[in-house]
Amino acid sequence: MDTQINELEVNQAMAVKAVKKPYYKATAKEIVVFEHAFKNRLPVLLKGPTGTGKTRFIEFMAHELDKPLITISCHEETSSTDLIGRYIIKGAETIWIDGPLTRAAKQGAIIYMDEIAEARPDVIVAVHSLTDHRKELYIDKLGETVEAHKDFMLVASFNPGYQRGFKELKPSTRQRFVGISFDYPDPKFEAEILVKETNIDLSLAKKLVNIALKIRNLTELGLTETVSTRLLVDAAKLIYSGLPKRIAVHAAVVEPLTDDIETINALKDLCDLMI
Ligand code: ADP
């Protein structure tokens, strides 16, 4: 029995229904694939580098389907107990608190497990029975099985490039999910996203996208992750709020990519020529 757990921590991941429709620019057939996966209650794996719109997509889809969304950011300490639930001590009593996965299964919410491969292996084991025909969750501490609500849906994200072999998802897990790949959008779409997200001019948006394209092609730099749409959105926001363009690009695009001073200086020079 877990005792010293803070109730707040357990309740952090609340189901959220977005009031305002989140802005999401479709870049391929992801919306229709997701709609059909939802119709068939199939779990979905969103694959792709960080900052390519996976989270925004699931927020958009939850809004479109009018379903509450519970998001869990998985990390190396995330265990099945965090997801399923635990006992806590309240005054003189010991009470059981459902974790976010159990709540989502009972309420019929969409649960989004961001970076699922980061979580401890028992998390993957715990979700298995929710991803196949059983659609049920076994709560070992209560000795109970919860049958998932008909609208419950499990969605996870995975970053194949970043994991580089050591935190791979096993084929037996991957094959339980319908997969949708995300990547850096087409330049035209990416510029449109920057304009919509930040209100900068289209001409400036195009310049930022060109910088990203250039750096993404510099594979010889060996960056773990390259310029994402998120970094461009951040740069555009800084510029829109009045920071000089070059400083904004240095801070929002170059600095997050690497700590190697030589590479930083080379990238700054390159960006200065392009904006
Ligand atoms: P991920 O979950 O893949 O790491 P996010 O969904 O958080 O990435 O995307 C980062 C940011 O990039 C978003 O907050 C949004 O501003 C922007 N973005 C990326 N792709 C899109 C898209 N297709 N439509 C709208 N915004 C996008």
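The values are calculated or read from the model by the stated rules, or taken from the named source; none is laboratory data. Not measured: the values here are computed from a predicted model. So basically every Cβ, Gly included, is an ideal-geometry build from the backbone, and we count neighbours across all protein chains shown. The protein model used for the area step is the full one, side chains on, heavy atoms only, and it has no ligands, DNA or RNA in it. Shrake-Rupley method; radii C 1.70, N 1.55, O 1.52, S 1.80 Å.
Give the residues of the range 228-252 that are open to solvent by 30 Å² or more (accessible area, probe 1.4 Å) and not basic (Lys, Arg), sorted by residue number.
234, 238, 240, 241, 242, 243, 244, 247, 250, 251
I'd like the full set of residues that are within 20 Å of the chain's Cα centre (by Cα) and open to solvent by 60 Å² or more (accessible area, probe 1.4 Å), limited to the range 172-185.
Of everything in the range 172-185, those that are within 20 Å of the chain's Cα centre (by Cα) and open to solvent by 60 Å² or more (accessible area, probe 1.4 Å) turn out to be 174, 175, 176, 181, 183.
Looking at (1) closer than 30 Å to residue 195 by Cβ; (2) open to solvent by 60 Å² or more (accessible area, probe 1.4 Å); (3) in contact with a strand residue (DSSP E or B) (Cβ under 7 Å, 6 or more places away or on another chain), which is the only condition residue 20 fails?
Just one mismatch for residue 20, condition (3).
Only one residue in 20, 54 is modelled with pLDDT under 95 and out of contact with any Pro (no Cβ under 7 Å at 6 or more places or on another chain). Which one?
Result: 20 is the single residue among 20, 54 that is modelled with pLDDT under 95 and out of contact with any Pro (no Cβ under 7 Å at 6 or more places or on another chain).
Could you give every pair whose Cβ atoms fall below 9 Å, whose first residue belongs to the range 142-162 and is among the polar types (S, T, N, Q), and whose second residue is assigned to a strand (DSSP E or B) and more than 16 Å from the ligand (Cβ to nearest atom), counting only separations of at least 6 or pairs across chains?
145/136; 145/137; 145/138; 145/139
Pick from the range 65-122 the residues that are without any contact (Cβ under 8 Å) to a residue 40 or more places away in the chain and assigned to a strand (DSSP E or B): which of them is nearest to the ligand (Cβ to nearest atom)?
Looking at the filtered set, the residue picked out is 98.
Suppose we keep only residues that are of a type in the set (Ser, Thr, Tyr) and touching a residue at least 60 places away in the same chain (Cβ under 8 Å) within the range 189-227. Which one would you say is surrounded by the most Cβ atoms within 10 Å (Cβ to Cβ)?
Taking the candidates together, the pick is 226.
Answer with yes or no whether residue 154 is open to solvent by less than 50 Å² (accessible area, probe 1.4 Å) and modelled with pLDDT of 95 or more.
When the stated conditions are applied, residue 154 passes them.
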